[in-house]
Amino acid sequence: VGELPLDMQVKLLRVLQERQLTRLGSNTLIDIDVRVIAATNADLQKSIEQNMFREDLYYRLNVIPLELPPLRDRLDDLAPLANYFLGKYAARFGKDIGAVGGPVLSILAAYDWPGNVRELENTIEYAVNMMPDKGHLSTEYLPAKITSAITASKRSKIEISGHQGVVEPLASLERRAIERAMTICGHDSKGKAAAAKALGIGVATLYRKIKEYGLS
C-alpha cells in the first residue's frame, strides 16, 4: 500500500470511510462489507512527512498494526520456510528432493536476507532448478550471490580481527545446526526423527552426532 499513487489513495480512503464503491463505468453505489489487510515495507510516517502518503489514510488503515521482524531477526523460521519452498518447487518441477540439510541451513543462517522471505523463496526456487531430479539440496546449488556474500563477510572479519577466532570450524556449524533443528522439532524421539529429516541425515547419524557433540 505504500506505493499507491495519491489519487488512488483518495479512492481507497473513500471506500474505507463510506464502505461503498462503484463499478468501472457505472454510477451506481454498491454497499460492501469487507475487512482490509494492507501491507508495506515502506516507512509510512516518513512518506507522510514527504507528502507521498496521506495521513488520513494511514490512520484509517493503522487500526490493528502488526509488525513482522525481518527474516534475519527470526532465524528459527529459516528451516520450516526453506523446506516449505523446497517442497513447493520440487513438486512443481517434478523432482524428488530431500529436506534442506544442516550445511545449507548454516549458509542460509549466515546470510543477511535484505529481500526477506521473497528472496529466500527465490533462492530455493533457483536451487531446485539447478539440482538433478533426485537427491538432497547441497551448498553447490545455492546462488553465487549468497555464497559470495558470506565469503566476503568472513574475509572482512578475518582482516579486521587479525585471523583470530573468526572463521568458525565446520564442526561448530554442524553442532549449531543440530541444536537449532532439535530446538525447532523437539528433543524427544519423535522430534529427533523430524530433526534428522530436516537436516537431511539419517536418524542413526543424528544420534551419533548428538553423542559426539555432547548434546541431549
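The values are calculated or read from the model by the stated rules, or taken from the named source; none is laboratory data. For clarity, every value in this text was computed on a predicted model and none was experimentally measured. We place every Cβ from the backbone using ideal geometry, glycine too, and count neighbours over all the protein chains shown. What goes into the accessible areas is simple: the full protein's heavy atoms, side chains included, and nothing from ligands, DNA or RNA. Shrake-Rupley method; radii C 1.70, N 1.55, O 1.52, S 1.80 Å.
Listing for the model above:
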read-out: Condition broken by MET130, with the remaining ones in (1) open to solvent by less than 80 Å² (accessible area, probe 1.4 Å); (2) modelled with pLDDT of 85 or more; (3) closer than 28 Å to VAL203 by Cα; (4) not charged (D, E, K, R) satisfied; value: (1)
read-out: Qualifying positions in the range 100-120 - part of a helix (DSSP H, G or I) and hydroxyl-bearing (Ser, Thr, Tyr); value: SER106
read-out: Pairs where the first residue, in the range 92-116, is open to solvent by 40 Å² or more (accessible area, probe 1.4 Å) and the second is polar (S, T, N, Q) and in a loop (DSSP other than H, G, I, E, B), C-beta under 8 Å, 6+ apart; value: PRO103/SER138; ASN116/ASN41
read-out: Those residues of the range 188-206 which are over 22 Å from GLY135 (Cα atoms) and either assigned to a helix (DSSP H, G or I) or modelled with pLDDT under 85 (or both), in sequence order; value: SER189, LYS190, GLY191
read-out: Complete set of residues in the range 121-140 that are in a helix (DSSP H, G or I) and either within 18 Å of the chain's Cα centre (by Cα) or over 24 Å from ALA171 (Cβ atoms) (or both); value: GLU121, ASN122, THR123, ILE124, GLU125, TYR126, ALA127, VAL128, ASN129, MET130, THR139
read-out: Scope the range 49-58; condition farther than 26 Å from ASN116 by Cβ and assigned to a helix (DSSP H, G or I); matching residues; value: GLU55, ASP56
read-out: Some residue of the range 65-75 being in contact with a Ser or Thr (Cβ under 8 Å, 6 or more places away or on another chain) and not charged (D, E, K, R); value: no
read-out: Selection within the range 170-191 - open to solvent by 30 Å² or more (accessible area, probe 1.4 Å) and either charged (D, E, K, R) or in contact with a Leu (Cβ under 8 Å, 6 or more places away or on another chain) (or both); value: GLU174, ARG175, ARG176, GLU179, ARG180, ASP188, LYS190
read-out: Of residues in the range 1-53 being of a type outside the set (Val, Ile, Thr), closer than 23 Å to PRO69 by Cβ and open to solvent by less than 60 Å² (accessible area, probe 1.4 Å), the one modelled with the lowest pLDDT; value: ALA42
read-out: Residue tally, condition part of a loop (DSSP other than H, G, I, E, B) and of a type in the set (A, V, I, L, M), over the range 20-48; value: 8
